[in-house]
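Everything below concerns the one structure shown next.
The values are calculated or read from the model by the stated rules, or taken from the named source; none is laboratory data. Remember, predicted model here, so these are calculated numbers, not experimental data. A quick note on method: Cβ atoms are made from the backbone with ideal geometry, for glycine too, and the neighbour counts reach across all protein chains shown. Note: areas computed on protein heavy atoms with side chains; ligands, DNA, RNA excluded. Shrake-Rupley method; radii C 1.70, N 1.55, O 1.52, S 1.80 Å.
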Amino acid sequence: MSTVVWRPDETWLRESNVARFMAAAGIEDFPTLVIRSIAEPEWFWDAVVKFLGLMFDTPYTSVLDTSAGAPWATWFNGGRCNVATMCVDARADDRDAIVWEGEDGQTRTLTGEELRLLTDRIASGLHARGVREGDAVGLFCPMIPETVAALFAIAKLGAMFLPIFSGYGADAVAIRLEDAHAVALVTADGFTRRGKVVTMKETADAAVAEVDSVHTIVVVPRLGNSRRAAVPMTSGRDVSLDELCALGADRFGGRSVDSEHPLFVAYTSGTTGRPKGAVHVHGGFTVKVAEEAAFQTDLRRGERLFWLSDIGWIMGPWEIIGTLANGGTLVLYDGAPDYPDVDRLWAFVERHRVNVLGVSPTLVRALMAHGDDAVRAHDLSSLRVLASTGEPWNETPWRWFFDVVGGGRCPVINISGGTEVGACFLSPHVVQPLSPCSLGGPALGMAVDVFDESGRSVRGEVGELVCTKPWPGMTRGLYHDPQRYLDTYWSRYPNVWWHGDFASVSADGQWFLHGRSDDTIKLAGKRLGPAEVETAVVAHPGVVEAAAVGVPDELKGEALWVFVVPAADVDADEALRRAIVTCVVDALGPSFTPAQVRFTSALPKTRSAKVLRRAIRAVVTGEPPGDLSGLEDAASLDAIATAK
């Protein structure tokens, strides 16, 4: 049985958004709501639209149509809407819409009306430059207010935005622009990361040189006058943000588009082949993420949500649309969370009175190494809800996040979904008791299950995470590649979405993730998820982070190798190595004794803090590593190569 460490009190059970929704629907308890939301998706999603007050310009005539099959389900059929109308025009008032801070200490605040004005000017300017409904526009920017306005401006036009990770090199940017036949790109002159300038316009120029379809580059002056003078500009193609806005008007009405009209294409990095472009649409994506921000993180009107993210990670569009659709204030930061001081994130939360804080488990593991005092030096009383996604938790950092950061009073809403999911499969809710590391259970309206290899639903053992019914936020296919979409997600089990994650459900109904199934380690015929090994290793007080991978072995098929980042004040010696082996054996048994424990100064990660285990394995084996365009620090691969 899982240990419950947090229970909702009567205030949560009465005043939270999901509690008020249950009361309005006449539903007495949360388990009943979960069951009904899955059994009656058309009732549930229609009730969500009405409860949250999401505006459809033309009412939909049916909620769900599966006549073309589950992979091609459509939602809110016959309806017309625009996400910018729902999120920007509907809240064009004097309340704070965006609060931003840069790594260099600059701050800005935009009211709802100021966001509306900037959005309309950008939309009008892009229209003057020839961007039309259905066109693709790249969004290659740090997390600044202009990024938000540009996203909604592109949506107002009925065009598609392409969220591109701000740390990509030219080749990765070019691949995405070329695949979507982009006609324009919005970028910045650059930004700072750990005090160093990261140029973006030069990268954008190199990328666009390979893409004939791009006729316009819009440059946002993030770094200011000292940098702006040195930014290369191509006459006729490039315009500054001010020049773009001067081309248009202060008002631009959003195009009312079909609910299934493409909103954006989000590219995911794969182990092989070109990136996959997941298509998301105005109606389904907006309703799904608005519901999640309201019912999972319990964001309330006027409250402040901050998720440490990048526009190129699905949580970027999630936090922008989910926050503003619910009348919240979006808090943004473009910099490192521990620079110039290790308490930067906690000082940021205190300074901007953040109510909902979202991070990755990997980031928490890194920050907890700096100690409790860095957190406790700051007033974090504004926090109501903690949230996380990106990777499975280990219990020690989860408890640190819960106890030290949240003071034991804030629920940890640990969500799991993906770029193609558009949102979440699994999530706790604030009306449920919570256990460490748990994902609670199915997100509302999500028919998730755990299957064994034969497609049988299982409990009490690790299996494949699947979804047996469509949902509003699911990708509408992979851009230009419908067969790849079917092969990737729908071919393993008939009419069932296979997600590629290992999951399990405990005897008391708590759900847990165990890592990607393509990260599976097979030792002498036994399957092992890397998260199980890593949880055992990081339980040792001398370990900050760990990554477990399988390496080819003639005898066992694969051997278990563990790469460990030791704590700064710990000797990386044989005694520590033996202690780590003991931790694994004690937790998992002698059959899973690591063949190698190697000490490294860093693990290769994406900017969203996911550990790239396949890259580690590739370094060890000499195999091709696949797409590394999302790798934050190339030097981390050198650290793995020299690990001892």
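Results, tabulated for the structure shown:
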| read-out | value |
| --- | --- |
| Residue pairs meeting the criteria (Cβ under 8 Å; at least 6 apart or on separate chains; first among the charged types (D, E, K, R), in the stretch 249-260; second open to solvent by less than 50 Å² (accessible area, probe 1.4 Å) and assigned to a loop (DSSP other than H, G, I, E, B)) | 255/82; 255/157; 255/158; 258/79; 260/476 |
| Tabulated pairs, the stretch 89-103, first on the phi < 0 side of the Ramachandran plot and part of a strand (DSSP E or B), second acidic (Asp, Glu) and open to solvent by less than 50 Å² (accessible area, probe 1.4 Å), C-beta under 8 angstrom, 6+ apart or interchain | 100/334; 102/334 |
| Test: residue 490 is touching a strand residue (DSSP E or B) at 6+ places or on another chain (Cβ under 8 Å), open to solvent by 10 Å² or more (accessible area, probe 1.4 Å) and in contact (Cβ under 8 Å) with a residue 24 or more places away in the chain | yes |
| Tally of residues being crowded, with 22+ Cβ neighbours inside 10 Å, modelled with pLDDT under 95 and more than 30 Å from residue 107 (Cβ to Cβ) across the stretch 175-194 | 1 |
| Meets criteria (more than 26 Å from the chain's Cα centre (by Cα) and among the aliphatic types (A, V, I, L, M)) for residue 263 | no |
| Condition check for residue 316: surrounded by 23 or more Cβ atoms within 10 Å (Cβ to Cβ), closer than 30 Å to residue 446 by Cβ and either small (Gly, Ala, Ser) or free of Cβ contacts under 8 Å to residues at least 60 places away in the same chain (or both) | yes |
| Complete set of residues in the stretch 418-449 that are over 15 Å from residue 489 (Cα atoms) and of a type in the set (Val, Ile, Thr) | 430, 431 |
| Residue that is nearest to residue 643 (Cα to Cα) [pool: residues in the stretch 568-591 that are small (Gly, Ala, Ser) and surrounded by 14 or more Cβ atoms within 10 Å (Cβ to Cβ)] | 572 |
| Failed item in (1) within 20 Å of residue 260 (Cβ to Cβ); (2) out of contact with any Ser or Thr (no Cβ under 9 Å at 6 or more places or on another chain); (3) part of a loop (DSSP other than H, G, I, E, B), with residue 46 passing the rest | (3) |
| The listed residue being open to solvent by less than 10 Å² (accessible area, probe 1.4 Å) and under 26 Å from residue 602 (Cβ atoms), out of 322, 358, 327 | 358 |
| Some residue of the stretch 152-159 being touching a helix residue (DSSP H, G or I) at 6+ places or on another chain (Cβ under 7 Å) and of a type in the set (D, E, K, R) | yes |
| Residues within the stretch 249-284 that are closer than 14 Å to residue 85 by Cα, open to solvent by less than 40 Å² (accessible area, probe 1.4 Å) and modelled with pLDDT of 95 or more, tallied | 6 |
| Unique residue being in a helix (DSSP H, G or I), more than 17 Å from residue 393 (Cβ to Cβ) and touching a helix residue (DSSP H, G or I) at 6+ places or on another chain (Cβ under 9 Å) when the list is 618, 579, 602 | 618 |
| Candidates 574, 623, 545, 632, filtered to the one that is closer than 30 Å to residue 313 by Cα and modelled with pLDDT of 85 or more | 545 |
| Test for residue 482: is it modelled with pLDDT of 90 or more and either open to solvent by less than 10 Å² (accessible area, probe 1.4 Å) or within 18 Å of the chain's Cα centre (by Cα) (or both) | no |
| Residues being surrounded by fewer than 24 Cβ atoms within 10 Å (Cβ to Cβ) and out of contact with any Cys (no Cβ under 7 Å at 6 or more places or on another chain) - total across the stretch 116-130 | 7 |
| Residue check, residue 75 modelled with pLDDT of 95 or more, among the aromatic types (Phe, Trp, Tyr), farther than 20 Å from residue 427 by Cα and open to solvent by less than 60 Å² (accessible area, probe 1.4 Å) | yes |
| Selection within the stretch 98-114 - surrounded by 18 or more Cβ atoms within 10 Å (Cβ to Cβ) and either over 30 Å from residue 194 (Cβ atoms) or in contact with a Cys (Cβ under 9 Å, 6 or more places away or on another chain) (or both) | 112, 114 |
| Any chance residue 385 is at pLDDT 95 or above, open to solvent by less than 20 Å² (accessible area, probe 1.4 Å), under 21 Å from residue 303 (Cα atoms) and within 19 Å of the chain's Cα centre (by Cα) | yes |
